[in-house]
1. Are any residues in region B:487-524 among the hydrophobic types (A, V, I, L, M, F, W, C), in a loop (DSSP other than H, G, I, E, B) and either modelled with pLDDT of 95 or more or within 13 Å of B:F553 (Cβ to Cβ) (or both), and if so, which ones?
2. Counting only residues that are over 27 Å from B:V88 (Cα atoms) and in contact with an Asp or Glu (Cβ under 6 Å, 6 or more places away or on another chain), which one in region B:145-173 is surrounded by the fewest Cβ atoms within 10 Å (Cβ to Cβ)?
3. Test A:G427 against the criterion of being under 21 Å from the mean Cα position of the chain (by Cα) and either at positive phi or not assigned by TED's automatic domain parsing to the domain that holds A:M599 (or both), and give yes or no.
4. How many residues does region A:464-506 contain that are within 9 Å of chain B (Cβ to nearest Cβ), closer than 14 Å to A:I544 by Cα and β-branched (V, I, T)?
5. Evaluate the following for A:F176: is it surrounded by 20 or more Cβ atoms within 10 Å (Cβ to Cβ) and within 30 Å of B:E70 (Cα to Cα)?
6. Hey, among the residues in region B:578-632 that are among the polar types (S, T, N, Q) and not in a helix (DSSP H, G or I), which one's nearest to the other protein chains (Cβ to nearest Cβ)?
7. Here are B:E142, B:E66, B:E70: which of them is surrounded by fewer than 16 Cβ atoms within 10 Å (Cβ to Cβ) and either part of a strand (DSSP E or B) or within 14 Å of another protein chain (Cβ to nearest Cβ) (or both)?
8. I need the full set of residues from region A:73-108 which are surrounded by 19 or more Cβ atoms within 10 Å (Cβ to Cβ), assigned to a loop (DSSP other than H, G, I, E, B) and within 14 Å of another protein chain (Cβ to nearest Cβ), in order please.
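The values are calculated or read from the model by the stated rules, or taken from the named source; none is laboratory data. Note that the coordinates shown come from a computational prediction; the quantities given were computed from them, not determined experimentally. Cβ placement follows ideal geometry from the backbone for every residue including glycine, while neighbour counts extend to all protein chains displayed.
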There are 2 protein chains.
Amino acid sequence: MGKSADTYYCVDPWKIIENGFSPEHAMVSESIFSLGNEYTGVRGYFDEGYSGDRLLGSYINGVFEEKKLETSSYKGIVNTMTYMVNAVDWLYTRLQIDGEELDLNIADYRSFVRILDLKTGVLIRSFVWRTKTGKEVELTFERFLSMEEPHMGGQRIRARALNFNGNLQVLAGLDFSQPHKSVGENRWDCISNKAEGNCCEIAAQTKQSKHKVICQCRFLGDMEQMAPVQAGEKISLLSFTLPLNQGSQTQFSRIMQILSCTEKAVAPEKFERLSAAKKDTFLAAEYDALKAGSCKWWEQMWRRSDIQIEGDAVNQQGIRYCIFQMHQTYHGENSKSVIGAKGLTGEAYSGNTFWDTETYCLPFYLFNNPQAAKKLLMFRYHSLPQARERAKALDCEGAFYPIATIDGRECCNLWQHSSLQLQASTGVAYGIWHYVNVTKDEDFIDTYGVEMLVEICRMLATRGDWSQKTGKYGFYGVMGPDEFQMMVNHNCYTNFMAKKTFEYTILVINNMKATQKFADRLKILSVDSQELLKWADMARNMEIPYDEDTRIFEQCEGFFTLPHIDVDKIPVTEFPLYSHWSYDHIYRNDMIKQPDVLMMMFLYNACFTTEQKLKNYDYYEPRCIHESSLSPSVHSILASELKRHEDAYRFFEFATRLDLDNYNRNTSEGLHTTSIAAAWMNIIYGFGGMRSDGDILSFHPTIPKQWRSYSFQILLGDDTLFIKVEQEKLRIHTKNGSKQTISLYDRNTVIGQEEVVVKIPEQWRTAIDE
Amino acid sequence: MGKSADTYYCVDPWKIIENGFSPEHAMVSESIFSLGNEYTGVRGYFDEGYSGDRLLGSYINGVFEEKKLETSSYKGIVNTMTYMVNAVDWLYTRLQIDGEELDLNIADYRSFVRILDLKTGVLIRSFVWRTKTGKEVELTFERFLSMEEPHMGGQRIRARALNFNGNLQVLAGLDFSQPHKSVGENRWDCISNKAEGNCCEIAAQTKQSKHKVICQCRFLGDMEQMAPVQAGEKISLLSFTLPLNQGSQTQFSRIMQILSCTEKAVAPEKFERLSAAKKDTFLAAEYDALKAGSCKWWEQMWRRSDIQIEGDAVNQQGIRYCIFQMHQTYHGENSKSVIGAKGLTGEAYSGNTFWDTETYCLPFYLFNNPQAAKKLLMFRYHSLPQARERAKALDCEGAFYPIATIDGRECCNLWQHSSLQLQASTGVAYGIWHYVNVTKDEDFIDTYGVEMLVEICRMLATRGDWSQKTGKYGFYGVMGPDEFQMMVNHNCYTNFMAKKTFEYTILVINNMKATQKFADRLKILSVDSQELLKWADMARNMEIPYDEDTRIFEQCEGFFTLPHIDVDKIPVTEFPLYSHWSYDHIYRNDMIKQPDVLMMMFLYNACFTTEQKLKNYDYYEPRCIHESSLSPSVHSILASELKRHEDAYRFFEFATRLDLDNYNRNTSEGLHTTSIAAAWMNIIYGFGGMRSDGDILSFHPTIPKQWRSYSFQILLGDDTLFIKVEQEKLRIHTKNGSKQTISLYDRNTVIGQEEVVVKIPEQWRTAIDE
């Protein structure tokens, strides 16, 4: 892969530590130290302002701005850009001593340390500032976003003068004037702006989309001489003085609350009225209690989600960071929330959630927070109207799910992706199936799932076509998960996923038909037996390109005859290819960007023999350049299953510390959220060897040679399955004592509260690579 | 095709006549009555202003404006929009009687007639205007663009009061303030603006591209009280009075001159200085003499270009209109001129010339104006630097010619066209070959042609690739002339044209090698024998998808297996498909937009057997929706050869009167110039059965049942071959008496000054369709 770690943060099992500040890493650190609570997210920028490189980003899930593009207006081509818009800087603080303003880009300082505590979600930064007049003050900045009260967060700033008595002059408040960097301008119009007593409040709405946000903050602490300051239409400020007495600490804290409304039709006045109702909660909130509540949330979370790795501190930190970020980004708080490709940590990918949510992110929630998994699927249910509209725009019936979206509408402006990639739709179907297979939530499938499935099938039945020559059904002019084969026929993944979608939908409907109480429901969906027969026919006759002799699935029609390119011989300077190769040049050889056939084999693992997986892994992996950050994990997972243990570990390392070690050199733009989700899968499905596509969970745990042990846990109903894998044996039990039947190394095994110790079979030991 | 004629203009062998004015046809008529002289063109808008629908367009060949687009910046994707920009309204006139301004949108008028005389290129419009006060004046507007003095044109306005004595108040001058309609704004900055004596002058430059234009006009006639008028920065105006005495006619005329400079670097002052040198010619010019000179040019042109059809007045008018427009658009005046897709008659297609210039337009000039044909090719020679740049942008060596251009750079913003269509490059190679084959201009090939050929071959040798499976060479990720198969492998046309390009280039170089004097030339091109061997290998092993059993060439790999669509069953309301179908929907079945395999068979006619042509015609024509206006002619030509005489005539009618009868309902946007060129081919290559891809010209004339006779002429060296075809026989001779050997119905025949009369062989009679 030719990618290397940029090791910068200190290794610690529970903390991300930056010891000393490196301006070159300023923006990477902003991403790494991002806080989020699903509802809102804030990058780790400096509270006090900074004149060096920075991306001051503060985002609210689902709050976006729009822009009409000058692109062609052919039918089905999206020509609005929709992006999660940079919102309010609620940490705004300016600090002065003797008229000198603190700015770490030019200030004299020492003992800089920044620590994100993964256990509690609290971010602390401290350093000693030495003013030009030689005054030294130790400053500590603390912040958190409440996981318990999703609209709230807190900031506390402590100061201790080391060699003088005096004052810290403070300006603090709310700033709605920051630009959205990639569009180069601020997109907010101010509705109202107040600063009085110890409170600031500002309400604003986006210029085009008319999304409305109100932010309030309240200061408490040791300050004096508090007074409002006029600072501009979009800034609400208070000024005050924090007295400094040599050796002793003074401090102030703020509680903030953000409320938002994404209904264009709601008038600003109405929004302000509605928001006023929540003001009491905000006024009653208290810093320490709010923080304690949030810490408790994290404590509970870790109790059910922690993964421990003994003997590998680096990856221990990496995987905990991934788990932490997953919960920060999303935990099912709100059915309008999405998991953006960069979570709430940057502008890149416009805050859009991509087609792979159900394939890459859903599993994490399925086994850590099933309610959140359901919420993710409910987002798709609630956006059925938009998916139906999209299907119409693409001359299809039913529902066509967007390849990228914030609010359910297709937001991807590149027609070659948004019109040709069907994997969002089949991904939703897969997600429904996977969720129901694991949770047995029959109510969900009957009430919500079936409607999505039927609409997806209708799309598949109108988007596909029959070959003139073979009489087989399949999809023409599509792009599979590997985006390097742009416009192909009979992409194996697409066809296979469609086949599974048809089959599952027919099964679901037949099950419902057998029960009288669903008659009305089915009537509403107006699926008749003729439609079911048609789908069955399509599923049965689905073209799955496959070479019987070699056991290799052909990624798409004609893939085997494409010119060959030896990806190892592409000079490393030509990566990423999108920046160095002519756009069209990428799309005409047998090089692939990310798993496609292998992705299918991962998702429907039980449908393929080990031999097939081996042959296809050996064929496709050498052709893959892993240009997508999603690629290594899936390869690692399959490599574990195929006993390619060296490969498995190599790919794992990359995924787990992708952002901490800035492998792709673009962490500054935000975190790779979907890859973070994949890193979790990499432990559970990879080394843990779990498969969740059968009737019961199955496991083939292996352990990297490098580790002493690792353990992970899986929520199962009301209980938690705990597995610890050591080099020669594994230990497994349920935490609450329920009996769970799983398949362990192909043998059905009942697990209960008492720890079962199983010797790892010889062939699953990792010492010897096959 | 489901397209019908909108018959509006009167039929006349030499004139286009509009009897009475229909506002619904206002913009169509503006296009139809466009004048051009290659250097500049002006739509047939009303001199006196008009408040109804109009597109006031006045263009200068090669003068364009640019705009940066917000599209993706992937390598090789063009994100500048370049468009021939609307320039100066040099006909600007406003007429008032008693303070009432003439505006045909609201005025009371009668006896409106507008006549374009194809014989002379003079446009006349007249009507009687009745003012609100009951005064009646007969007005006649005349205009022409000089074919002799390409920078000049004239306007004459005559007035005759029918029932009163009084005055016509006139404002007349130059207007640079008109918007470019599709971008919604005027793109000129004024450099200088003068109005004094009887002259107006205005110089301006485009805002972005810094192209500079100066326009001058001078008024003479019966006017009185002439004085300059302040009318705005970009308008230069004089006011005067034309006395009206009942029954007698008064008039005024203007001579105008336009000069331009497309060098960004030339400063406005320098441009004005350079232009001043030409002022004397302008001041010396006189209306009647200028007009007479232009009329004479047309007379000479018609003597060598006329086509006569006896027994079909409608198509007689149609074909003459086509010939007229071809000469107006281009006649080789300037090697910077291009043949825009709409000529100089509208904004559509941005004034860009497309890939098909050498295949569709070149033949007309080859046999009517060989110097113009050479100039067309010289445009490609002069733009080799841009084509080399483009090749680099597309990761190729050599030269990649643009799919659409004004100045040699690629101007097409749709990567799927500009990066995937290789037919501009192979088209240039074809044009060189065709030109040399017909003219035997060895000097051209040795001096210019070979360099283009070598660079095109280098591109083809780096853009293509070898199949892993078959070991054959060919092109991956391409779009052939049929733009409905967007991104395919082994497009038969592309591969075949590349093969011919390699072969011809090798032949040319080997011929040059045999002559000592070219040693230096070849050294400069640095083609060594290894490179030639490589090209020969690629040519020899070129994949040409072909089914031996059916004799059908497969348009691209996999075409035969695509889903079938019965194009006749597509409701007529769904056309044009680009407006009614989802963009991606168009590209995934066996429907085609325009000839692809058949195009190849037309261009290299001698390479295919009649049986092959028949089988392929029968296969592809029913799959073709002729969405391109270029499609019917090629089908008509092949249909004639294949004795599908009904088809031939049906397709011919459409092509020849496409604009006059507004078949595509978009003539308002401008004329379909390339289709106009194809209409000429339709007579010569279609009914005339001429083929110019052999050693000598061959003919298999047929005649539509509907006609008494038709005749056409072909420039051959210094002579003209004249052929008249009647129902049973044809007459043929050379005008100047040279002896020319041609193949006539497959028999070599020497033609001289004496008319040879040949009976049309039974099998080439059109009475019976096969």
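1. Passing the criteria: only B:M487.
2. Per the criteria, the residue is B:N163.
3. No, not satisfied.
4. Within region A:464-506, residues that are within 9 Å of chain B (Cβ to nearest Cβ), closer than 14 Å to A:I544 by Cα and β-branched (V, I, T) number 2.
5. Judged against the criteria, A:F176 is a match.
6. B:S582
7. Checking each option against the conditions leaves just B:E70.
8. Scanning region A:73-108 gives A:K75, A:G76, A:I77, A:V78.
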